[in-house]
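The values are calculated or read from the model by the stated rules, or taken from the named source; none is laboratory data. Since the model is a prediction, treat every value here as computed from it, not as a measurement. Using ideal geometry, Cβ is built from the backbone for each residue, glycine included, and neighbour counts are taken over all protein chains shown.
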Amino acid sequence: MIGLPFLGSSVTTFDWMKAVRSYTVYEIMCKILKDSDLWDRRKHCFSVQTENGEDLIFGVELEYELILWEKAFQTATFLEVERIQCKTYACVLESHLMGLTIDFNMGLVCFDAASKVVLWRYKFSQLKGSSDDGKSKIKFLFQNIDTKQIEAKELEFSNLFAVLHCIHSFFATKVACMDPLYVGCQPIVGKAKYSN
């Protein structure tokens with residue numbers, strides 16, 4: 001969880017506990033903004049897109065603080081994805097209630113919510129593209145391992161942005177795990193898992 005923003009200045013650790021709003025770190029997106037992205041003359045700003053698509057803009061005083069924020073956010077996301085390993089979201093496919101599990105080891109798994117029967121399963125490496133309508137629908141493009149053909153799968157979610165950000169967080173963590181220097185800098189929990 002990440003707490004944003006405060007009604008006043010944060011002074012103590014307890015202040016972090018009484019944030020006005022809090023978000024699950026893997027369901028939000030953080031982006032460092034270029035000066036050209038801003039409407040005014042502020043510098044050293046970043047945006048956080050929440051799980052409901054709301055964009056919040058924050059600024060820090062010094063450039064190095066921006067770098068520290070970005071690194072802290074990436075590390076928190078990495079550690080949280082590593083900790084939870086999978087996340088399931090309710091979705092709809094052709095008027096039927098389904099579940100989509102984003103699994104760090106298995107990839108993306110779609111199953112019937114009532115019977116738990118798996119409809120399809122793809123590894124992250126098979127995801128070749130995706131698009132969304134900005135409201136509720138995601139169209140995934142997967143490459144079939146056997147035929148090499150692209151297969152389109154469309155699902156509808158009530159929490160589109162949370163799902164998109166979660167998939168991005170899992171992807172980013174997968175990529176980070178391939179970098180031994182990054183993994184080596186993480187706490188001992190991560191080092192043991194990825195030392196092979």
Checklist line | Flag if Leu97 is modelled with pLDDT of 95 or more, among the aliphatic types (A, V, I, L, M) and under 19 Å from the mean Cα position of the chain (by Cα) | finding: no
Check: Is there a residue in the stretch 45-56 that is surrounded by 16 or more Cβ atoms within 10 Å (Cβ to Cβ) and either in the same structural domain as Lys123 (by TED's automatic domain parsing) or in contact with a Gly (Cβ under 6 Å, 6 or more places away or on another chain) (or both)?
Finding: yes
Note to self: Please go through the stretch 81-106 and give me each residue that is farther than 13 Å from Leu155 by Cβ and in a strand (DSSP E or B), ordered by number.
What the structure shows: Cys86, Lys87, Asp103
Item checked: Top-ranked residue of the stretch 127-149 - restricted to ones that are surrounded by 13 or more Cβ atoms within 10 Å (Cβ to Cβ) and out of contact with any Asp or Glu (no Cβ under 9 Å at 6 or more places or on another chain), ranked as nearest to Asp55 (Cα to Cα) -> Asp132
Check: Which of the residues spanning the stretch 124-179 are of a type in the set (Asp, Glu) and either touching a helix residue (DSSP H, G or I) at 6+ places or on another chain (Cβ under 7 Å) or in a helix (DSSP H, G or I) (or both)?
Finding: Asp132
